[in-house]
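Just so it is clear, none of the values below were taken in a lab; they were calculated from the coordinates. Note that this is a predicted model, so its numbers are computed, not measured.
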């Protein structure tokens, strides 16, 4: 069952400036930005 209001929103965005890059160990990696928004009215700690 989903709550009527979203308690949390999550956005995952791929970095458009870099398709793929090689790190110091020679591994290929992609860059992403993660944004988490707490929509609850009361403060939570945990």
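Here are a few things to note about the model shown:
- The stretch between residue 25 and residue 40 holds 1.3 nm of extra length on full extension. This uses 0.36 nm per residue minus the Cα-Cα distance.
- Compared with the alpha-carbon gap, the fully stretched path from residue 33 to residue 7 is longer by 7.3 nm at 0.36 nm per residue.
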